[in-house]
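Q: Got a structure here, written out as structure tokens. Questions coming.
The values are calculated or read from the model by the stated rules, or taken from the named source; none is laboratory data. Predicted, not measured: the structure shown is a model, and the values here were computed from it. FYI the Cβ positions are ideal-geometry reconstructions off the backbone, even for glycines, and counts take in every protein chain you see. In case anyone asks, the SASA skips ligands and DNA or RNA and just uses the protein heavy atoms, side chains included. Shrake-Rupley method; radii C 1.70, N 1.55, O 1.52, S 1.80 Å.
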There are 2 protein chains.
Amino acid sequence: MLAEPRRREILDLLRSRERPVGDLVERLRLTQPAVSKHLKVLREAGLVEVRHDAQRRWYRLRPEPLAEVDAWLAPYRRFWNERLDALERHLDAMPDEPDEGEEP
Amino acid sequence: MLAEPRRREILDLLRSRERPVGDLVERLRLTQPAVSKHLKVLREAGLVEVRHDAQRRWYRLRPEPLAEVDAWLAPYRRFWNERLDALERHLDAMPDEPDEGEEP
DNA sequence: CAGTAATATAACCAGACTAGAATATAAAGT
DNA sequence: ACTTTATATTCTAGTCTGGTTATATTACTG
């Protein structure tokens, strides 16, 4: 889902402002159907929403689902902060100790 | 990459402690080759690292790459916080207004 | 050294995914 | 009503991916 680079590009573009499909087509240098299909996926995942204005469809970002990703990430953030802190303390305490590491 | 549910499960398991492959195989109820392949992907993405202990391979989490994901997510976090704040203020200010969007 | 345990790699397959071309739909403009 | 503009959908072909079975590798054990 967020692995798809085009999809991430779309999200990045929508972060600054809402945009019609044609605008995204230009910037991504993809065909219009391809973009529409990505938008469909993003819509169904709840990551974007549409506003109809005559024939134009304005797409914009929706915050909630990314908050979920963020929530999933939260425990990892704790984890890596601990580890990095520990590393810092380690380096700070013993600045010329050889590394015990196992590199294949 | 992180879209893969099995891969996320593996990461979740490794968050608590380092584990040998067989342990992951049991818990995921997947065949051993499948797990080994996921681990390869995770290794190449730098998300996990291995320690050799006789025939056993102990896998453990590496913090750095998730920090990158977090960094990618950061601007979105700003975005949705703003939006949710705005929504709150909106609901607070006009408790019985019908819903409609705001333009840039 | 033969045998076994733990894991990795190879070969293969079925389903999912993406992109393109062609076509359909929807709303305006004339 | 016909045409144009903007977007969606369908069909199809190629690629990617995750899983399985079978085999190889690596390290301990008798």
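Q: Quote to one decimal, in nm, the extra length available between A:GLN55 and A:ASP12 on full extension: 0.36 nm per residue of separation minus the C-alpha distance between them. Intermediate results must be reported in sequence, preceding the final value.
A: Values: separation 43, 0.36 × 43 = 15.48 nm, distance 2.39 nm.
Extending this stretch completely gives an extra 13.1 nm.
Q: Could you give the longest part of chain A that holds none of the trypsin sites (Lys or Arg not before Pro) found in DSSP loops with at most 12 neighbouring Cβ atoms within 10 Å?
A: On the way: sites that count: A:ARG17, A:ARG29.
Longest gap between qualifying sites, sites excluded: A:30-104.
Q: In nm to one decimal, list the spacings between the B:PRO75 label point and its equivalents in the other copies, with label points set 7 Å along Cα to Cβ, shortest first.
A: Shortest to longest, the spacings are 3.0 nm.
Q: Give me the net charge for the shell around A:ALA45: Cβ to Cβ below 10 angstrom, other residues only, Lys and Arg +1, Asp and Glu -1. Don't jump to the answer; show the numbers that get you there.
A: On the way: positive: A:ARG7, A:LYS40, A:ARG43, A:ARG62; negative: A:GLU44.
Result for the local shell: +3.
Q: Show me, for region B:41-52, the HN-Hα J-couplings you get by feeding each phi into the Karplus relation (A = 6.51, B = -1.76, C = 1.60, θ = phi - 60°), rounded to Hz, glycine and proline as x.
A: Whole-Hz 3J(HN,Hα) from phi for region B:41-52: 4, 5, 5, 5, 7, x, 7, 9, 9, 10, 10, 8.
Q: With the full set of protein chains in place, find how many percent of the accessible area of chain B is carbon and sulfur; take the probe as 1.4 Å.
A: On the way: 3280 of 6860 Å².
In chain B, the share of accessible area belonging to carbon and sulfur is 48 percent.
Q: Would you jot down the residues in region B:26-62 that end up with at least 30 Å² less accessible area in the complete protein assembly than in the chain alone, with a 1.4 Å probe?
A: The answer is B:LEU61 - residues whose exposure falls by at least 30 Å² when every protein chain is included.
Q: While we're here: Any idea of the total accessible area buried by the B-A contact, 1.4 Å probe, rounded to 100 Å²? Show your work: numbers first, answer last.
A: Working: alone 8200 and 8270 Å², together 13790 Å².
Roughly 2700 Å² of accessible surface disappears when B and A pair.
Q: What percentage of all Cα-Cα pairs in the protein assembly as shown are separated by more than 25 Å?
A: Values: 11727 of 21528 pairs.
When every Cα pair of the protein assembly as shown is considered, 54 percent fall beyond 25 Å.
Q: Another one. Evaluated at 10 °C with a viscosity of 1.306 mPa s, what Stokes-Einstein diffusion coefficient in µm²/s does region B:1-47 have when Rh comes from the Kirkwood expression over alpha-carbon pairs?
A: Numbers: Rh = 10.6 Å.
It comes out at roughly 150 µm²/s.
Q: At q = 0.14 Å⁻¹, what base-10 log of I(q)/I(0) does the Debye formula yield for chain B when every alpha carbon is treated as an equal point scatterer in vacuo?
A: So the normalised log intensities are -0.64.
Q: Follow-up question, since we're still on this one. Quote the FRET efficiency, to the nearest 0.05, computed for B:ALA45 versus A:GLU88 with a Förster distance R0 of 25 Å and r equal to the Cβ-Cβ distance.
A: Working: r = 24 Å, r/R0 = 0.97.
Between B:ALA45 and A:GLU88 the formula returns 0.55.
Q: Also: Which whole-number percent gives the relative contact order of chain B, counting Cα pairs below 8 Å spaced six or more residues apart? Could you put the intermediate results ahead of the total?
A: Working: 68 pairs, mean separation 22.6, N = 104.
It rounds to 22 percent for chain B.
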